[in-house]
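Data block below; observations after.
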Amino acid sequence: MRTVFRYITWTMAPHITADAPEMLHEPECSSYLASSGTEADFDEARAWAFSHTGSHPSHRAYREVVTRNWRMTPAKGECL
């Protein structure tokens, strides 16, 4: 039995085709174990952070967890 390997160059880029899943945003309060939950709309996720700070004025630091889908494709001129 013989096996042949062919090495090609790949590129990685954000998956932006029509069938790509949406990017998701999730702000998390750094002072407290609370988050908005995942939202496709950044403005909705950001509104949660404003509301959370309104209820907890000392909670002013947030981090954002982003789910962004990526796609691997053969480099230009390469084919499988």
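The values are calculated or read from the model by the stated rules, or taken from the named source; none is laboratory data. It should be emphasised that the depicted structure is a prediction, and the values quoted were computed from it without experimental measurement. FYI the Cβ positions are ideal-geometry reconstructions off the backbone, even for glycines, and counts take in every protein chain you see. Calculation scope for accessible area: heavy atoms of the full protein, side chains included, ligands and nucleic acids excluded. Shrake-Rupley method; radii C 1.70, N 1.55, O 1.52, S 1.80 Å.
Here are some notes:
- Total charge dipole magnitude, the chain, about the Cα centre, Cβ charges on Lys, Arg, Asp, Glu only, Debye to nearest 20: 580
- The slack between HIS59 and LEU33, meaning 0.36 nm per residue of separation minus the straight C-alpha distance, is 8.3 nm.
- For region 72-80, the Karplus equation 6.51 cos²θ - 1.76 cosθ + 1.60, evaluated at θ = phi - 60°, returns couplings of 9, 9, x, 4, 3, x, 8, 9, 7 Hz by residue, with Gly and Pro reported as x.
- For the chain, the longest site-free run once trypsin sites (Lys or Arg not before Pro) in DSSP loop states with at most 16 other Cβ atoms within 10 Å are removed: 7-59
- In the context of the full set of protein chains, the chain has a per residue accessible area of 82 Å² (1.4 Å probe).
- Karplus-derived 3J(HN,Hα), 6.51/-1.76/1.60, for each residue of region 12-29, Hz, glycine and proline x: 10, 8, x, 7, 10, 6, 4, 8, 6, x, 5, 6, 10, 10, 8, x, 10, 6
- Computed from phi, the 3J(HN,Hα) profile of region 44-58 under the Karplus parametrisation 6.51, -1.76, 1.60 (θ = phi - 60°) reads 5, 5, 5, 4, 4, 4, 4, 5, 5, 5, x, 7, 9, x, 7 Hz, with x in place of Gly and Pro.
- The chain - percent of accessible surface contributed by carbon and sulfur, probe 1.4 Å: 55
- Correct choice for Cα extents along the principal axes in Å that was computed from the model, options (1) 54, 27, 19; (2) 67, 27, 20; (3) 68, 27, 15: (2)
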